[in-house]
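Chemist: What follows is a single structure, and I will ask about it in a moment.
The values are calculated or read from the model by the stated rules, or taken from the named source; none is laboratory data. Not measured: the values here are computed from a predicted model. Note: ideal-geometry Cβ built from the backbone for every residue, glycine included; neighbour counts use all protein chains shown. Heads up: the accessible areas ignore ligands, DNA and RNA and are worked out on the full protein's heavy atoms, side chains in. Shrake-Rupley method; radii C 1.70, N 1.55, O 1.52, S 1.80 Å.
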Amino acid sequence: MKIICIGRNYADHAKEMNSPLPSAPVFFMKPDTAMLPAGNPFYIPDFTNDLHYECELVVKIKKAGKHIPENFAGDYYDEIGLGIDFTARDLQTACKEKGLPWEIGKAFDNSAPMGTHFLPKTALNLTDLTFTLHKNGELVQTGHTTDMIFSIDKLIAYVSQFITLKTGDLLFTGTPAGVGPVAIGDRLEGFIGEEKLLDLQIK
Ligand code: MG
């Protein structure tokens, strides 16, 4: 399986990163070694001094497809979860400044921790869904699907023009404003609506 991550899908986050709004989705990938199963702590790697959380809605792909039309994209997923797109911001920024790929800052081991479970999309209103991230009990990120620049269906249509989606692939759909650093001892808790899906200890 593979993890496809969307960048700059919320205008307020693009603004906080001083990035222009994209006219088409921006995506990058993480390998399967970026997975960190729920329940495991996250250990800050020693190659970064500025590790940031980015809480994102995650779409689990349920069947293979290529060149998926937007109006059929809904047939390709039926579960939504939460994940953290951990980013070594210092390394990513250095890569961006040189016009280089970002992998060392984004795709490292365990950089994509997942929540404990996914929710069936039939139980959710995807056009008006709110998710939140709390750090040490304090609200730090609030995302609304209404603020996505590109909807989930648009993202699937776009990405599948270039890359065949397979069963079990994960699509991280971008982060809202409020990204920030984590330190040893922090606790991250993520919610879709009122339901807690993610509880991650930083070590
Ligand atoms: Mg992200």
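Chemist: Only one of 52, 67 is closer than 24 Å to residue 145 by Cα and either out of contact with any Lys or Arg (no Cβ under 6 Å at 6 or more places or on another chain) or open to solvent by less than 10 Å² (accessible area, probe 1.4 Å) (or both). Can you tell me which?
Modeler: On inspection, the qualifying residue turns out to be 67.
Chemist: Kindly state which strands (runs of 3 or more DSSP E) lie completely within the stretch 1-98 and contain at least 3 residues that are over 16 Å from residue 188 (Cβ atoms). Walk me through it before giving the result.
Modeler: Details: elements: 3-7, 26-30, 51-53, 55-61, 77-84.
In the stretch 1-98, 3-7, 26-30, 55-61, 77-84 are the strands (runs of 3 or more DSSP E) which contain 3 or more residues that are over 16 Å from residue 188 (Cβ atoms).
Chemist: I'd like to check which strands (runs of 3 or more DSSP E) are fully inside the stretch 152-203 and have at least 1 residues that are away from the ligand (no atom under 16 Å from the Cβ) and over 27 Å from residue 125 (Cα atoms). Can you show your working first?
Modeler: Numbers: elements: 170-172, 187-192, 195-201.
In the stretch 152-203, the matching strands (runs of 3 or more DSSP E) lie at 187-192, 195-201.
Chemist: Based on this model, can you work out whether residue 149 counts as among the aliphatic types (A, V, I, L, M), over 20 Å from residue 79 (Cβ atoms), surrounded by fewer than 22 Cβ atoms within 10 Å (Cβ to Cβ) and away from the ligand (no atom under 16 Å from the Cβ)? Walk me through it before giving the result.
Modeler: Details: among the aliphatic types (A, V, I, L, M): yes; over 20 Å from residue 79 (Cβ atoms): yes; surrounded by fewer than 22 Cβ atoms within 10 Å (Cβ to Cβ): yes; away from the ligand (no atom under 16 Å from the Cβ): no.
So residue 149 fails the test.
Chemist: Output yes when any residue across the stretch 35-46 is in contact (Cβ under 8 Å) with a residue 12 or more places away in the chain, among the β-branched types (Val, Ile, Thr) and touching a Ser or Thr at 6+ places or on another chain (Cβ under 9 Å), and no when none is. Spell out the reasoning first.
Modeler: From the stretch 35-46, those in contact (Cβ under 8 Å) with a residue 12 or more places away in the chain are 35-45; that's our starting set.
From the residues that got through so far, the ones that are among the β-branched types (Val, Ile, Thr) too are 44.
Add one more test, that the residue is touching a Ser or Thr at 6+ places or on another chain (Cβ under 9 Å), and what stays is none.
For the stretch 35-46, residues in contact (Cβ under 8 Å) with a residue 12 or more places away in the chain, among the β-branched types (Val, Ile, Thr) and touching a Ser or Thr at 6+ places or on another chain (Cβ under 9 Å): absent.
Chemist: Now, a different point. Taking interchain pairs and intrachain pairs at least six residues apart, which have beta carbon atoms under 7 angstrom, with the first residue in the stretch 168-193 and of a type in the set (Asp, Glu) and the second open to solvent by 30 Å² or more (accessible area, probe 1.4 Å)?
Modeler: 169/1; 169/2; 186/135; 186/136; 189/134; 189/196; 189/199
Chemist: Looking at the stretch 70-87, which of the residues that are over 14 Å from the mean Cα position of the chain (by Cα) and not hydroxyl-bearing (Ser, Thr, Tyr) is most open to solvent (accessible area, probe 1.4 Å)?
Modeler: So in the stretch 70-87, the residues over 14 Å from the mean Cα position of the chain (by Cα) come out as 70-79.
Within this subset, residues satisfying the condition of being not hydroxyl-bearing (Ser, Thr, Tyr) are 70-75, 78-79.
Numbers: 70: 81, 71: 126, 72: 109, 73: 0, 74: 23, 75: 77, 78: 61, 79: 61 Å².
This residue is 71.
Chemist: Among (1) surrounded by fewer than 19 Cβ atoms within 10 Å (Cβ to Cβ); (2) acidic (Asp, Glu); (3) within 17 Å of residue 29 (Cβ to Cβ); (4) away from the ligand (no atom under 16 Å from the Cβ), which single condition is residue 103 missing?
Modeler: The failed condition is (4).
Chemist: Which of the residues spanning the stretch 3-57 are touching a Pro at 6+ places or on another chain (Cβ under 6 Å) and within 11 Å of the ligand (Cβ to nearest atom)?
Modeler: Matches in the stretch 3-57: 6, 8, 10, 13, 52.
Chemist: So residue 81 ticks every box in (1) away from the ligand (no atom under 16 Å from the Cβ); (2) touching a His at 6+ places or on another chain (Cβ under 8 Å) but one. Which box is left unticked?
Modeler: With respect to (1) away from the ligand (no atom under 16 Å from the Cβ); (2) touching a His at 6+ places or on another chain (Cβ under 8 Å), residue 81 is out only on (1).
Chemist: Which of the residues belonging to the stretch 134-146 are within 15 Å of the ligand (Cβ to nearest atom) and open to solvent by less than 30 Å² (accessible area, probe 1.4 Å)?
Modeler: Looking only at the stretch 134-146, we keep the residues that are within 15 Å of the ligand (Cβ to nearest atom), and these are 140-141, 143.
If the condition is that a residue be within 15 Å of the ligand (Cβ to nearest atom) and open to solvent by less than 30 Å² (accessible area, probe 1.4 Å), then 141, 143 are the ones that fit.
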